[in-house]
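Heads up: the structure comes next, in structure tokens.
Only the coordinates and a few stated rules stand behind these numbers; no lab work does. These numbers come from a predicted model, not from an experiment. Every residue, glycine as well, gets a Cβ built from its backbone with ideal geometry; the counts of neighbours run over all protein chains shown.
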Amino acid sequence: MTEANELIDLRSDTVTKPTEEMLQAMLEAELGDDVIDVDPTLEKLEILTAEILGKESAIFMPSGTMSNQIAIRVHCDRGTEFLCESECHIHHYEQGAYAQLSGLVAKTIYSTDGSLRVADLQDCISPENEHFLRTSALCLENTHNRWGGRIQPQKDVLEVCSWAKSHGLSTHLDGARLWNAAAASGIEPSELAAPFDTVSVCFSKGLGAPVGSALIGPKNFIAEARRARKLFGGGMRQAGVLGAAALYALENHRNRLCEDHAHAKQIGEACGQSQSLRVREERIDTNIILCDVEPTRGTAQDLVRSLEEQGLKCLPTGKQSIRFVTHLDVSQSQADRACDILRAI
């Protein structure tokens, strides 16, 4: 099948396939038993990830959800609450795992743009009273998935984390797409991570690895996270096969993320030229294009079906909203063809 006849899959940046070079790195990976002692390839990946993010230690995880849930579990005592934005991934897309697995409560805070500011948080810490939960932590997300890959303003992040620290709260960043935030903003990953006690990052989204995330933080915290990973069933044996792919992606694919962002802006412009779609707030920060569907043109599901019939796959995010996500496997010619399809809708 030629590229012109292939479906263009813009449902997520998790749909990518390993490159030939990545597959070769997986074949050549030096392996060990990471549960009994150490897998040398995973160890190399963890050391490099911690170094890039300016933290003491890192641990490889099977998924971003596990990274986030273990971070919250270690930060918070059972029966306490953490603060988070109401549309964040931890609350919206992880089945309330913090309650099911760790006995925690999320206090969600509404924002107008996906970013929390000190003014939003001032009255959110529960009083020290036997009637109330104790507030233990604050969680942010950068980039913000459900706000269309929105980059958190660093000034606000610094102020919010300083406020949290002054009130004795731990801080965790869901940085699944932190690599995109760094590439688009020009701010080093270590600077974006610096205000937080712990950070989770994903290798299988923008970087294109088949599997894996990491949790990064202080050595004693990561030691506790390792215990929790075993409890959650995330301890893997010769996981260096997966770690090699993540390591290759980390070393070779970060610098190309701006290509995805350029494709996203191009596709966003085409969406704006369609009578069926409107780009949310006419803003595209990174590689996610979030669009509202004109009600007179049908529902999001109707439009998704119509687009797929013409060779373009995307995801509904609500009754009248859809998203497109650019990634490693989208070529320039595919981006051009996606734009042609969108203009014709």
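Details
- With K and R counted +1 and D and E -1, the other residues having a Cβ less than 11 Å from that of GLU43 yield a net charge of -4.
- Separation of the GLU21 and LEU48 label points, Cα + 7 Å toward Cβ, nm: 1.1 nm
- Net charge contributed by nearby residues that have their C-beta within less than 12 Å of GLY54 (K/R +1, D/E -1): -3
- Estimated at 0.36 nm per residue, the fully extended path between GLU56 and ALA99 surpasses their Cα-Cα distance by 12.6 nm.
- Convex hull per residue volume in Å³, alpha carbons only, for the range 20-87: 153 Å³
- The gain in end-to-end length when the ASP329 to LYS230 segment is fully stretched comes to 32.3 nm, 0.36 nm per residue minus the alpha carbon separation.
- The HN-Hα couplings worked out from phi for the range 293-299 by the Karplus form 6.51 cos²θ - 1.76 cosθ + 1.60 (θ = phi - 60°) are 9, 4, x, 5, 9, x, 8 Hz, whole numbers, x standing for Gly and Pro.
- SER126 versus ARG343: modelled label distance in nm, points set 7 Å from Cα along the beta carbon direction: 5.6 nm
- Low-density loop cleavage sites - chymotrypsin sites (Phe, Trp or Tyr not before Pro) in the range 74-133, where at most 14 other Cβ are within 10 Å (DSSP): TYR93, TYR110, PHE132
- Neighbour net charge for ASN68 - beta-carbon separation under 14 angstrom, K R +1, D E -1: -1
- If you take the alpha carbon atoms of the range 31-252 and fit the smallest convex hull around them, that volume is 111 Å³ per residue.
- Put a dot 7 Å past the Cα of ARG283, heading toward its Cβ, do the same for VAL118, and the two dots end up 2.1 nm apart.
- Listed residue pairs exceeding 30 Å between alpha carbons, taken from LYS155/LYS230; LYS17/LYS265; LYS44/LYS265; LYS44/LYS107; LYS55/LYS155: LYS155/LYS230; LYS44/LYS265; LYS44/LYS107
- Per residue, the chain reaches -12000 deg cm²/dmol at 222 nm when only DSSP H runs of four or more residues are counted, each adding -39500 (n - 2.57).
- Largest GNM mean-square fluctuation across GLY234, GLY243, GLY148, computed for the chain with C-alpha springs under 10 Å, falls on GLY234.
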